[in-house]
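Only one structure is covered here, and it is reproduced in the block below.
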Amino acid sequence: MDNNIETTNSEYNRILNKNWGLYNFIKRAFDICSSFLVILIISPFLLLVTLLVAITSPGSPIYSDKRIGKNGKEIHVYKFRTMFKDANTNPEKYLSEEQMKQWIEERKVDNDPRITKIGKILRKTSIDEFPQLFNILFGSLSVVGYRPITKDELEAHFTKQEQEVMLLGKPGLTGYWQVYGRGKAEYHTGERQKLELEYYSKRSLMFDFKLIFLTIPAVLKGSGAK
């Protein structure tokens, strides 16, 4: 990725040196209250989806994936399983050579053949991410933050200083990339990195609430906000 470090150093330093204590305290309180309330309300629906995933394809209905969290800590992010159970352990079984290249570079594949029929519905509606409410409740994720990514993604696509900025906060169930980029912003164009880092320049409680509000139409459209 080609970054204009000369014009971003001062902004990154401002972000890194800012006292985020009060912001983090209020944000954590909101995360606990909101996730607990939503889990309580939709628990019957969560159980229904769990059963549907379990009976429509072999394997555990919940998928756990390793990601990098705040301060570089390794976390396990939970989702409803949307792929066949050997999709990640044996991707060559399903993907063409070109698709394998895209998977390695972007961690996503257009028209991915590994996705189950019910998985396509869960992904399109973002229902597959509902188990992350438990991640939020127990503190490994936040409602708003950067998209959960792997350590390899972080090191391959972000400079050392950008990595410091990214790891200031927790990954989120939704965020700037999810709302304004979603499937359109990719690493190889530099657009995804730009969106993830831009969130930290604008980060505030009011901006977080704005992103939560904008997530609803973004999910309904199946793409990011314009």
Exercise. Within the stretch 46-62, work out how many residues are in a helix (DSSP H, G or I) and either touching a Lys or Arg at 6+ places or on another chain (Cβ under 8 Å) or in contact (Cβ under 8 Å) with a residue 60 or more places away in the chain (or both).
Key: 5
Exercise. Inspect all residues belonging to the stretch 51-58 and state whether any of them is farther than 14 Å from residue 132 by Cα, at pLDDT 95 or above and either surrounded by 17 or more Cβ atoms within 10 Å (Cβ to Cβ) or touching a Phe, Trp or Tyr at 6+ places or on another chain (Cβ under 7 Å) (or both).
Key: yes
Quiz item: Just checking, how many residues over the stretch 63-102 are out of contact with any Asp or Glu (no Cβ under 8 Å at 6 or more places or on another chain) and assigned to a helix (DSSP H, G or I)?
Solution: 8
Quiz item: Do you know which of the residues in the stretch 174-219 that are exposed (fewer than 14 other Cβ atoms within 10 Å of the Cβ) and of a type in the set (Ser, Thr, Tyr) is nearest to residue 108 (Cα to Cα)?
Solution: 189
Quiz item: Across the stretch 153-167, what is the number of residues that are in a helix (DSSP H, G or I) and under 15 Å from the mean Cα position of the chain (by Cα)?
Solution: 3
Exercise. Check whether at least one residue in the stretch 100-118 is touching a residue at least 60 places away in the same chain (Cβ under 8 Å) and touching a Leu at 6+ places or on another chain (Cβ under 8 Å), and report yes or no.
Key: yes
Quiz item: Quick one: in the stretch 10-25, which of the residues that are assigned to a helix (DSSP H, G or I) and surrounded by 12 or more Cβ atoms within 10 Å (Cβ to Cβ) is nearest to the chain's Cα centre (by Cα)?
Solution: 24
Quiz item: Which one of these is buried (at least 17 other Cβ atoms within 10 Å of the Cβ) and over 17 Å from the mean Cα position of the chain (by Cα): 136, 149, 118, 127?
Solution: 118
Exercise. Could you list, in sequence order, all residues of the stretch 152-173 that are buried (at least 22 other Cβ atoms within 10 Å of the Cβ), farther than 21 Å from residue 17 by Cα and touching a residue at least 40 places away in the same chain (Cβ under 8 Å)?
Key: 173
Quiz item: residue 81: charged (D, E, K, R), in contact with a strand residue (DSSP E or B) (Cβ under 8 Å, 6 or more places away or on another chain) and over 30 Å from residue 168 (Cβ atoms), yes or no?
Solution: yes
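The values are calculated or read from the model by the stated rules, or taken from the named source; none is laboratory data. Just so you know, these numbers come straight off a predicted model, no measurement behind them. As a convention, Cβ positions derive from the backbone with ideal geometry for all residues, glycine included, and neighbour counts pool all protein chains shown.
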